[in-house]
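Working notes for the structure below.
Taken together, the values in this text are just the output of simple stated rules run on the coordinates, not laboratory data. Quick caveat, the model's predicted, so the values are computed rather than measured. For neighbour counting, all protein chains shown are included, and Cβ atoms are generated from backbone atoms with ideal geometry for every residue, glycine included.
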Amino acid sequence: MALLAATNAADPVAQEVARWSSVLAQSKGGAWDEVKGGAQPALDRASDALRDGRRLYALQQLASAWPNLGAAAYVAKQPATAMQNLDGLEAEWKRLGPQLQNAPAPKLDDVQPAAVRGLLETAIPQVHELYGASLIYAQNTSPFAGYFYLGQAVAQRDFLAFARRASQPEAKRAPAFRSIAPELDALERELLAAYRPPASIDRHSDFINASSLLKEARELDAAGLRRGALVRYLEAVRRTAQIRATTPLARAEIEQRLRETSARIAAAPNVDHSIARMFVESAQADLARADGGAVASAIASASLPRYFAAIGPAPPVKALPAPRATVTLIRWPYT
């Protein structure tokens with residue numbers, strides 16, 4: 001595909017990985033110290049992926065680090081006095097409103113391949129939600145926290161522009177992307193069924209992460225952002241599979257399944273299966289690590305099969321039992 005064929009010199013993914021790596025290496029203190037622990041490993045994985053020719057996985061890792069890196073850079077530009085009161089934040093919040101809250105929805109038809117557009121689509125609602133939450137969050141915590149959320153919104157807006165630069169014309173046709181609401185319902189049932197002690201206690205944070213991804217996939221699906229919904233759904237599938245798995249697949253079995261998936265992708269040369277390819281690359285990168293295997297096993301056994309199911313005919317909808325109670329959980333966006 002066009003994105004994969006780009007040379008490092010011209011590839012915007014490689015350029016941004018190098019730029020952010022340099023910025024992070026030269027920055028310290030304040031928000032930089034808070035984001036470095038998560039951003040540095042993601043950038044290292046992206047750099048390794050580029051070296052190994054796994055550019056879609058590199059893009060995925062860059063996308064995961066981008067919001068915090070952009071927020072830290074934004075906060076670093078604010079005067080120190082701004083962190084002491086809400087007045088400056090409120091003024092900045094109002095100034096950025098036309099850019100973040102009232103900006104028109106970006107045009108997506110020319111963004112290709114599907115993996116690039118999928119990652120772009122995941123950022124679209126975050127711009128508005130992070131902006132909307134920033135001032136309220138600051139009023140309940142601190143001006144610094146509000147600036148950081150506002151910086152994340154700015155960063156996601158910038159990521160939209162970057163993803164367009166990473167886009168290249170794609171001759172392949174898109175799969176039949178559709179609503180994956182039935183798949184999301186099924187995955188939610190699986191996750192709820194697994195939420196039992198001792199796993200619900202020992203792996204509580206893993207359940208939270210999987211649930212957050214599932215919620216995000218629902219919102220993207222409801223908004224018609226099918227590629228973004230599919231990316232988040234497959235990530236939620238992977239995390240759920242890791243929670244439920246007692247023992248990962250043997251390495252030989254994982255490698256065989258990845259070869260079979262790669263062959264299936266190659267057998268449809270005119271179809272844009274870049275989302276599946278991104279997850280294949282993620283599994284390959286995990287296998288290359290000394291402590292890897294669990295992520296690759298979950299992708300090979302669960303995420304990739306469900307990718308092909310999700311672009312096929314919708315499964316029959318099962319009738320759900322009448323609810324006995326409704327519980328509403330309130331959280332800040334993407335936390």
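Tabulated values for the structure
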item: P(r) of the stretch 2-166 over all Cα-Cα pairs, binned every 10 Å from zero, in whole percent; result: 10, 38, 33, 16, 3
item: Folded to 0 to 90 degrees: helix 251-266 orientation relative to the chain principal axis, Cα; result: 90
item: The chain: C-alpha pair distances exceeding 34 Å, %; result: 25
item: Net charge over other residues, Cβ less than 10 angstrom from the Cβ of residue 120 (K, R count +1; D, E count -1); result: +2
item: Cα-based helix-to-principal-axis angle, 12-26 vs the chain, degrees rounded to 10; result: 50
item: Per-residue Cβ neighbour rank within 10 angstrom, fewest leading, 54, 257, 203, 117; result: 203, 257, 54, 117
item: Integer Hz, Karplus 6.51/-1.76/1.60 couplings in order for the stretch 75-87, x for Gly and Pro; result: 4, 4, 7, 7, x, 4, 5, 5, 7, 9, 8, 8, 4
item: Per-residue ³J(HN,Hα) for the stretch 119-136, Karplus 6.51 cos²θ - 1.76 cosθ + 1.60, θ = phi - 60°, Hz, x for Gly and Pro; result: 5, 5, 4, 5, 7, 4, x, 5, 4, 6, 6, 5, 4, x, 7, 4, 5, 4
item: Separation of the residue 34 and residue 251 label points, Cα + 7 Å toward Cβ, nm; result: 4.0
item: Set of aspartates and glutamates near residue 107 by C-alpha distance (under 16 Å), chain-local residues within fewer than 8 positions excluded; result: 121, 158
item: Debye intensity ratio in log₁₀ form over the Cα atoms of the stretch 181-310, taken at each q of 0.18 Å⁻¹; result: -1.00
item: Fewest-first ranking of 273, 204, 128, using other Cβ atoms within 10 Å as the exposure measure; result: 204, 128, 273
